[in-house]
Amino acid sequence: MKKTTLLLASLFLYTITVFSQKEITTIGIQKNAKPVIISKHIYDHFAEHLGRCIYDGFYVGENSTIPNTNGVRNDIINALKELKIPNLRWPGGCFADTYHWKDGIGPKEIRPSMVNRWWGGVTENNSFGTHDFLDLCETLGAEPYLAANVGSGTVQEFTDWVQYVNHEGKSPMAELRKKNNKENPWGVSFWGIGNEMWGCGGNMTPEYYANVYKQYSTFMTDWTNSNKLFRIASGANVSDYHWTEVLMRDIPKNLIEGVALHSYSFVKWNKKGSSTNFDEEQYFTTMQTALKMEELVTKHTEIMDKYDPNNSIALIVDEWGGWYDVEPGTNPGFLYQQNTMRDAMIAGTTLNIFNNHSKRVKMANLAQTVNVLQAVILTQGDKMLLTPTYHVMKMYNVHQDAQLIPIEFNAPSYTFNNKSLPALSASVSKDKSGTIHISLVNIDAKKENTIEMDIKELGVQNIKGTILHSPQLQDHNTFEKPNTINPKVFNQFKIINNKLYVTIPPFSVIVLEGK
Ligand code: AHR
């Protein structure tokens with residue numbers, strides 16, 4: 001007994017000595033917060049007909065030597081299943097407002113071609129269409145999120161698409177679907193009504209778009225009882241709060257379930273810089289734009305709260321991620337970039353922001369899944385690699401549909417050139433089995449940071465952890481060395497007197513699990 005007391009006392013003293021040199025951030029639990037579920041759809045993805053995302057990415061065709069299911073690579077299917085990808089947005093992006101879905105059904109040999117005017121001016125032969133996409137979603141166990149062509153389409157074309165994929169009875173489009181060998185409808189709930197209507201979707205004002213939205217939305221029919229439509233209005237560009245204000249003010253609540261928002265992270269929009277060869281200044285600036293997401297969701301939420309105090313309309317961040325110059329020698333219109341620890345920092349901090357705002361943020365789609373922008377998967381011929389962003393998304397998928405435990409803390413600063421950013425980001429949730437998960441990110445490029453949490457308050461005893469870290473911020477996985485960056489077991493934490501102490505190395509992501 002005496003021995004134990006002595007041991008505990010020396011451990012306590014050791015901790016005090018070790019940590020007294022350091023600044024410790026105490027993370028507390030917010031009392032009296034209303035329970036909120038972190039929607040699994042915060043972990044959604046986006047696949048556009050852009051560069052090598054669909055063709056030579058997901059889709060290699062049925063006759064490819066690369067193992068595939070109906071033309072889609074099996075290695076990608078398996079990796080996305082592992083990720084527990086809840087939903088996939090398709091076919092764009094800007095491409096969506098040029099896409100005529102009827103060109104992508106029926107026998108592939110006779111499908112008409114088009115020019116992909118937004119992305120490299122390449123010929124789109126429509127060999128990957130509605131059936132290919134919706135069947136892929138079924139294989140993945142993911143829900144489809146279809147983006148409709150408002151910019152250059154018609155209400156009739158759009159409502160035909162809804163009927164084609166959702167109507168189970170006798171109707172012109174259901175008959176057409178059956179003729180194309182699909183007896184039962186897929187049942188698609190999520191529909192985007194246009195994309196970036198302030199820009200590539202038609203350069204509209206919010207007032208004009210609100211009217212167009214109402215027209216499209218009015219003629220959408222819930223064809224089945226089981227699949228209630230979830231209609232999403234094309235949302236604001238970053239901090240265009242007026243856009244959100246007008247949509248919330250002018251669109252009646254019975255016509256809308258979600259309002260979107262797009263925001264990317266970059267160094268300078270006109271001089272984005274390399275995805276791998278960047279200095280600390282470029283890193284710091286990228287993180288500044290990434291962390292702006294906190295302000296964006298807060299302010300867009302405030303506007304939504306004003307018009308929708310009962311929280312019936314969701315904020316849907318259906319495009320987010322890092323955007324850099326394309327890899328040297330690749331088509332500038334294809335947006336193919338590498339993915340480093342900088343991207344892991346963007347992913348970890350952004351997902352923490354979404355988790356903590358999950359009362360209003362109900363869906364978010366990382367741009368994009370394969371070979372485009374902040375991709376989770378890159379391919380080259382028959383090779384495939386998982387990026388650091390993939391690993392963060394996988395480490396964090398434990399938060400899907402878990403109950404948010406709201407926290408509070410004063411983050412220490414990450415200072416560079418006399419400018420500061422909050423170095424630490426965190427979110428905590430409790431899943432259905434009662435397991436608690438704590439996700440922590442330290443974005444500081446040089447300094448480790450230590451946190452303290454009361455585990456009695458959290459109600460956990462046994463803790464284990466996983467870390468994503470690499471010696472250099474610029475480190476990335478290559479086709480030659482695909483496993484340079486991989487999550488590892490993390491046990492560099494201590495529990496003393498019911499206090500958990502975790503020292504988080506510079507630019508690393510940690511997820512702790514406790515019961
Ligand atoms: O994700 C790439 C493009 O970025 C999308 O097509 C568009 O919506 C956004 O501007």
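How far apart, in nanometres, would the label points at ASN417 and LYS515 be if each is projected 7 angstrom from Cα along the Cα-to-Cβ direction?
Once both label points are built, they end up 4.9 nm from each other.
SER358's amide H: which non-local residues (gap 5+, or another chain) put their own amide H closer than 5 Å, with H modeled 1.01 Å from N in plane and none for Pro or chain starts?
Here nothing satisfies the definition.
Which whole-angstrom value gives the distance between the alpha carbon centres of region 430-493 and region 206-267?
Going from one Cα centre to the other spans 36 Å.
Please compute one quarter of the surface area of the Cα convex hull for region 271-323 and express it in square nanometres.
4.5 nm²
For ALA33, which sequence-distant residues (separation of 5 or more, or a different chain) have an amide H within less than 5 Å of its own amide H, given hydrogens modelled in the peptide plane?
Under 5 Å from the amide H of ALA33: no residue qualifies.
What residues have an amide H closer than 5 Å to that of PHE46, excluding those fewer than 5 places away on the same chain, when H is modeled at 1.01 Å from N in the peptide plane?
Amide H neighbours of PHE46: ARG89, LEU366, THR369.
HN-Hα J couplings of region 175-180 from phi, Karplus 6.51/-1.76/1.60, θ = phi - 60°, integer Hz, Gly and Pro as x?
Those phi angles translate into 5, 4, 4, 5, 4, 8 Hz.
Hey, what do the phi angles of region 234-248 turn into as Karplus ³J(HN,Hα) couplings, whole Hz, using 6.51/-1.76/1.60 and θ = phi - 60°, x for Gly and Pro?
After applying 6.51 cos²θ - 1.76 cosθ + 1.60, I find 4, x, 6, 8, 6, 9, 7, 5, 4, 4, 5, 4, 5, 4, 5 Hz.
State the volume of the convex hull built on the alpha-carbon positions of region 87-205, expressed per residue in Å³ and rounded to an integer.
Convex hull volume per residue, Cα atoms: 106 Å³.
Could you give the length gained by full extension between LYS228 and PHE479, i.e. 0.36 nm per residue of separation minus their alpha carbon distance, to one decimal place?
Here the answer is 86.1 nm.
Let me check I've understood the local charge: for ASN365, count other residues with C-beta under 14 angstrom from its C-beta, Lys and Arg +1, Asp and Glu -1. What total comes out?
Summing Lys/Arg as +1 and Asp/Glu as -1 gives -3.
Where does helix 341-356 land angle-wise versus the long Cα axis of the chain, in degrees 0 to 90, nearest 10?
Once rounded, the angle reads 90 degrees.
So what's region 377-515 giving for Rg/Rh, alpha carbon basis, Kirkwood Rh from the mean inverse pair distance?
1.00
Cβ under 13 Å from THR205's Cβ, THR205 left aside: what net charge do those residues give with Lys, Arg +1 and Asp, Glu -1?
Summing Lys and Arg as +1 and Asp and Glu as -1 gives -4.
Quick one: net charge around ILE66, please, counting Lys, Arg +1 and Asp, Glu -1 for every other residue with C-beta under 15 Å from its C-beta.
Charge balance in the 15 Å sphere: -1.
In sequence order, what are the phi-derived ³J(HN,Hα) couplings for region 385-390 according to the Karplus relation 6.51 cos²θ - 1.76 cosθ + 1.60 with θ = phi - 60°, rounded to whole Hz, with x for glycine and proline?
Those phi angles translate into 10, 9, 8, x, 5, 4 Hz.
Two-decimal Rg/Rh of region 383-456 from alpha-carbon positions, Kirkwood Rh?
Rg divided by Rh gives 1.04.
Quick one: compute the contact order of the chain, relative version, from alpha carbon pairs under 8 angstrom and 6+ residues apart, as a percent.
17 percent
In whole Å, what are the Cα extents of the chain along the three principal axes, biggest one first?
Extents along the principal axes: 83, 52, 45 Å.
Helix-only estimate, please: 222 nm mean residue ellipticity of the chain, summing -39500 (n - 2.57) across DSSP H runs of length 4 or more and dividing by its residues, to the nearest 500.
-8500 deg cm²/dmol, from helical runs alone.
Rule-based calculations on the coordinates, nothing more; no lab input. What you are looking at is a predicted structure, and each value in this text was computed from that prediction instead of being measured. Using ideal geometry, Cβ is built from the backbone for each residue, glycine included, and neighbour counts are taken over all protein chains shown.
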